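The values are calculated or read from the model by the stated rules, or taken from the named source; none is laboratory data. As the structure is a computational prediction, the values presented were derived from the model and not from experiment. Here the Cβ is made from the backbone with ideal geometry for all residues, glycine too, and neighbour counts use every protein chain on show. To get the accessible areas, we keep the full protein, side chains included, count just its heavy atoms, and leave off ligands, DNA and RNA. Shrake-Rupley method; radii C 1.70, N 1.55, O 1.52, S 1.80 Å.
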Amino acid sequence: MTRAYNFNAGPSAMPLEVLQEAQAEFTDYKHTGMSIIEISHRSAEYAALHQETKDLLRELMEIPDDYEIMFIQGGGSTQFLMTAANFLTGGGKAAYVNTGVWAKKAMAEAKYFGEAYEAASSADRNHCYIPQEFTIHDNTCYVHLTANNTIYGTEYPAFPKFDVPVICDMSSDILSRPVNVADFDLIYAGAQKNLGPAGVVIVIAKKAFLAKARQNLPTMLKYSTFAENDSLYNTPPVFCIYMVNKTLHWIKNQGGVAAVAANNAAKAQVIYDAIDGSNGFYIGHADKEYRSRMNITFNLADKELEKDFVAQAKAAGFIGVGGHRLVGGCRASAYNAVPMEACTALAEFMHSYQKQHQ
Ligand SMILES: Cc1ncc(COP(=O)(O)O)c(C=O)c1O
């Protein structure tokens, strides 16, 4: 079997053990004689899986009891509008920290529901840093943060504190490092980077915050529909949740979130060292203190070489190292499931490419 060195930005590498387990039981889930995707979401087998997935998340992320865990479809992009539909209420305003494309898209959706403004922005330097000063207006319903900026490769080293509720998009770094859930009123994360296939979003929300949500909304746009029905008002994305369950077990077997975080830091460092030790052949995009451990973004000093670098990397088995179509350059995404071995191999490839071309 050949496995690629998979640096895709999402959907992205999954732990091999998880894929193999799913494969082994795909046609016969727990001796039912049926696949997990062939059984009712009201069955005892699925009910146990659903509950266990929530329990594992609660355990691994140390989610307090006064927080609801929900599984919602529609991707992170639907959360952009759902957060605003539910919480931009009463003629208030919503504050957005503009750290790049996803933050901007979230803010654009909020404008359908009320006034949304930038509390801070890193646009002046092409989003290579995380702002540290914020302007929060009176009558602000919430501030929205993007924990990790997948496209630009920046990440909050520590989260700022605010006097207003905090909503955070953790789509590209959930479970990659410990976070204090109690610092947030609502966290959302699409599964397709660190948790499983595209198709489910994990939403973790403080019950007291949910109580403030607007209720005159269509059924499927209300968080209360999910919270009050244990995310089983309609058919949940069973297969996605099943895969998330397996990935959570895998994280637990790695030693939990702290162990995974230490590994992630070491993995990213190997690639950043290749950049920093290249005498300017490779140039990191993000300011050092805001570097993402998940998405490592860089350019080649000689722009002409970039396409060739990406093509040569691909030929050598390194998939997904081209930058996002909106910004270009190069990006290696080293999510939880990307092994150290892949990062070391990429760093070696970068060294040898440099030797041949400088
Ligand atoms: C940080 C972040 N938020 C939101 C999204 C959008 O997610 P989706 O494609 O699930 O709508 C992405 C996608 O890559 C992302 O990286």
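Laid out as a table, the results:
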item: Members of region 321-345 that are assigned to a helix (DSSP H, G or I) and β-branched (Val, Ile, Thr); result: Thr344
item: Matching residues in region 81-96 - criterion: being within 24 Å of Pro131 (Cα to Cα), within 16 Å of the ligand (Cβ to nearest atom) and surrounded by fewer than 24 Cβ atoms within 10 Å (Cβ to Cβ); result: Leu81
item: Flag for Gln192 being among the polar types (S, T, N, Q) and within 12 Å of the chain's Cα centre (by Cα); result: yes
item: Selection status of Cys128, closer than 30 Å to Ile296 by Cβ and either away from the ligand (no atom under 16 Å from the Cβ) or not assigned by TED's automatic domain parsing to the domain that holds Arg293 (or both); result: yes
item: Subset tally (residues that are open to solvent by 10 Å² or more (accessible area, probe 1.4 Å) and in a helix (DSSP H, G or I)) for region 273-316; result: 16
item: Residue in region 166-173 that is at pLDDT 95 or above, away from the ligand (no atom under 16 Å from the Cβ) and more than 16 Å from the chain's Cα centre (by Cα) present; result: no
item: Flag if Ala48 is more than 23 Å from the chain's Cα centre (by Cα) and part of a helix (DSSP H, G or I); result: yes
item: Number of the condition not met by Thr344 [criteria: (1) more than 23 Å from Glu155 (Cβ to Cβ); (2) surrounded by 14 or more Cβ atoms within 10 Å (Cβ to Cβ)]; result: (1)
item: Hits in region 140-189 - residues which are open to solvent by less than 10 Å² (accessible area, probe 1.4 Å), under 21 Å from Gly92 (Cα atoms) and part of a loop (DSSP other than H, G, I, E, B); result: Phe184
item: Residue in region 203-213 that is assigned to a helix (DSSP H, G or I), farther than 27 Å from Ala103 by Cβ and away from the ligand (no atom under 12 Å from the Cβ) present; result: no
item: Residue check, Ile136 assigned to a loop (DSSP other than H, G, I, E, B) and surrounded by 18 or more Cβ atoms within 10 Å (Cβ to Cβ); result: no
item: Condition check for Asp124: without any contact (Cβ under 8 Å) to a residue 12 or more places away in the chain and open to solvent by 10 Å² or more (accessible area, probe 1.4 Å); result: yes
item: Total residues in region 1-17, condition more than 19 Å from the chain's Cα centre (by Cα) and under 15 Å from Ala315 (Cα atoms); result: 4
item: Given (1) open to solvent by 30 Å² or more (accessible area, probe 1.4 Å); (2) farther than 29 Å from Tyr335 by Cα, number of the condition Thr225 does not satisfy; result: (1)
item: Every residue from region 18-45 that is at positive phi and assigned to a loop (DSSP other than H, G, I, E, B); result: Gly33
item: Selection from region 273-325 of residues that are within 20 Å of the chain's Cα centre (by Cα) and of a type in the set (D, E, K, R); result: Glu289, Arg291, Arg293, Arg325
item: Gln73 being open to solvent by 20 Å² or more (accessible area, probe 1.4 Å), in the same structural domain as Pro165 (by TED's automatic domain parsing), within 16 Å of the ligand (Cβ to nearest atom) and in contact (Cβ under 8 Å) with a residue 40 or more places away in the chain; result: yes
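For every residue, the table says whether it meets (1) over 24 Å from Tyr290 (Cα atoms); (2) over 20 Å from the mean Cα position of the chain (by Cα); (3) not in a helix (DSSP H, G or I).
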| residue | (1), (2), (3) |
| --- | --- |
| Pro64 | yes, yes, yes |
| Ala84 | yes, no, no |
| Val97 | no, no, yes |
| Ala106 | no, no, no |
| Glu109 | yes, no, no |
| Tyr129 | no, no, yes |
